[in-house]
Amino acid sequence: MPSLRSVSLEAFSDVEHGIPWPVLEAILTVPHLEAFSCRYHNLSPAAFHRPGAAFAGISQALTRFEFTLTDYRRPPRMYQPERSTLDFVLQECHERLEVLTIPAECAPFHTMCDLDWPALRELRLRGVIEPGNEPADPFVVAFACMPRLRVLELRLALPPTATPKPLWPAGVEVTYPWPELQELVVSFPEPDDLLWHRLPSGLRSLTLTYFPHLSTHLWAMENHRVDWHWPPTKPADLLRILQACSIPALDRLGLEYHADDDEDALLSYVGTAYSQLTALKVFRYQIPLGTHRVDIANLVRPLRSLTCLTTLQLHLDLPETGYITAEFMRYIAREYMMAGENPAVLFDRALNEAANLLARHVGPSVEVVKLPRRDGGESNYEWVAYKVVRDTEGGPRAQSDEYLTYGQIQAPAPDVSNARPDSESRDSEAAERFIIVIPPHDLRPVIIGA
């Protein structure tokens, strides 16, 4: 397959599968391979043996390596051979990788911090950093070897005894390492982190949330598989962080917090400090969860000054859209007995009412509002998109839009930038991309040329 450029291995079932090293070796040594993606398979979980002298070497064209596991997978969350496999692969291709996505549990941090990454533009870590595998230095030092980073995502959960740590602690003297950074995701951000004062003015996207989102965890049917905790982030802490930043070009912002009396001050600052925002996502929780009606008009009032804002996503923590808790079940049982309606009907009615209130009170630039709704998928919720319709006599209203909710399946346009001359043989025009899928209840791989 001389034209093979990309390979994706994907599993769509709850049955765990492991890709043995001989299979990985066969894929990664394809001479022209540029991108490798493995979703929901383990990588060489049984055994890894460092290749000998006959090893052909990982493709010199490989610039993209993405390995993703489910957040709520069954224990163990990592097999030692997986970390050994990644250690070997990253040592082989660190000088040319541009995109790297790996589970935090499997990341060989000690190796990663000792290597140079002259081409790396995007780094995504997701999961839990296990005791004994932490980088020896704070992230601002540990990842200083990645000077061209444009995207840094640290979606890191907290074990029960852990506390959030700053990426740049006080007293650490170092030159800011990522001058080209445009997107930053930090879970459980610390207000005293020196990083906020050093972020480049060209930063375009900032996400300061929990991981996983508290709503995701409470809605997920598999949440009993993990033992994490969510120390509440206060609006005042997020306000301190944003006030320390000097990022006027920011156009996407994500926040997650437990609401209190300082919420209005936080949102008012967002409404005045970030005039270029086009998308805002807010996860807010009540204390206790889902116990009070939400004054939607007052909540979004500070955001009306955002004249460029087109998309607003809100987790409102409405009582009717609560979580699978004892309090929620009692609420649903009471409402069901009184109204004689299915809880799902109550859920959707509350969501539609909230969307209509948002449509009437958001600023005139907002085109889409999104609210979370429970579903049967892995995360157990989806963002329902509502278009803000302003051509009605009764004032603005929200119109559910399935196109925006579920997206569109569309084949990408062909890339002709590296087209071969017509004189080349048609026999060489094999599929440039393979997707290998493990379907539910079937251990036989299905290979799809794309």
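Per the conditions (1) within 21 Å of E367 (Cβ to Cβ); (2) loosely packed, with under 15 Cβ neighbours inside 10 Å, the sole criterion not satisfied by D227 is (1). If we keep just the residues of the stretch 39-72 that are β-branched (V, I, T) and under 18 Å from H94 (Cα atoms), which is least open to solvent (accessible area, probe 1.4 Å)? By that ranking, first place goes to I58. Does the stretch 102-123 contain any residue that is open to solvent by 20 Å² or more (accessible area, probe 1.4 Å) and of a type in the set (V, I, T)? For the stretch 102-123, residues open to solvent by 20 Å² or more (accessible area, probe 1.4 Å) and of a type in the set (V, I, T): present. Annotation note: of P189, P179, P166, the sole residue that is touching a residue at least 12 places away in the same chain (Cβ under 8 Å) and either crowded, with 21+ Cβ neighbours inside 10 Å or touching a Gly at 6+ places or on another chain (Cβ under 7 Å) (or both) is P189.
R83: basic (K, R), closer than 29 Å to L149 by Cα and surrounded by 19 or more Cβ atoms within 10 Å (Cβ to Cβ), yes or no?
Working: basic (K, R): yes; closer than 29 Å to L149 by Cα: yes; surrounded by 19 or more Cβ atoms within 10 Å (Cβ to Cβ): yes.
Taking the combined requirement at face value, the residue satisfies it.
Within the stretch 209-235, the residues that satisfy the criterion of being modelled with pLDDT of 85 or more and in contact with a helix residue (DSSP H, G or I) (Cβ under 6 Å, 6 or more places away or on another chain) are W230, P235. Of the numbered criteria (1) under 18 Å from H197 (Cβ atoms); (2) crowded, with 21+ Cβ neighbours inside 10 Å; (3) free of Cβ contacts under 8 Å to residues at least 40 places away in the same chain, the one L250 fails is (3).
Filter the stretch 134-161 down to the residues that are in a loop (DSSP other than H, G, I, E, B) and touching a residue at least 40 places away in the same chain (Cβ under 8 Å), then identify the one that is most open to solvent (accessible area, probe 1.4 Å). Walk me through how you get there before you give the answer.
Step one: list which residues in the stretch 134-161 are in a loop (DSSP other than H, G, I, E, B), which gives 134-138, 143-150, 157-161.
This time we only want the ones that are touching a residue at least 40 places away in the same chain (Cβ under 8 Å), so: 157-160.
Values: A157: 7, L158: 17, P159: 37, P160: 67 Å².
Filtering the stretch 134-161 for residues that are in a loop (DSSP other than H, G, I, E, B) and touching a residue at least 40 places away in the same chain (Cβ under 8 Å), the one most open to solvent (accessible area, probe 1.4 Å) comes out as P160.
Looking at the stretch 69-83, can you tell me whether even one residue there is in contact with a Lys or Arg (Cβ under 8 Å, 6 or more places away or on another chain) and at pLDDT 95 or above? No, the conditions are met nowhere in the stretch 69-83.
The values are calculated or read from the model by the stated rules, or taken from the named source; none is laboratory data. A quick note: this is a predicted structure, and the numbers were derived from the prediction, not measured. For neighbour counting, all protein chains shown are included, and Cβ atoms are generated from backbone atoms with ideal geometry for every residue, glycine included. All accessible areas refer to the heavy atoms of the entire protein, side chains included, with ligands and DNA or RNA removed. Shrake-Rupley method; radii C 1.70, N 1.55, O 1.52, S 1.80 Å.
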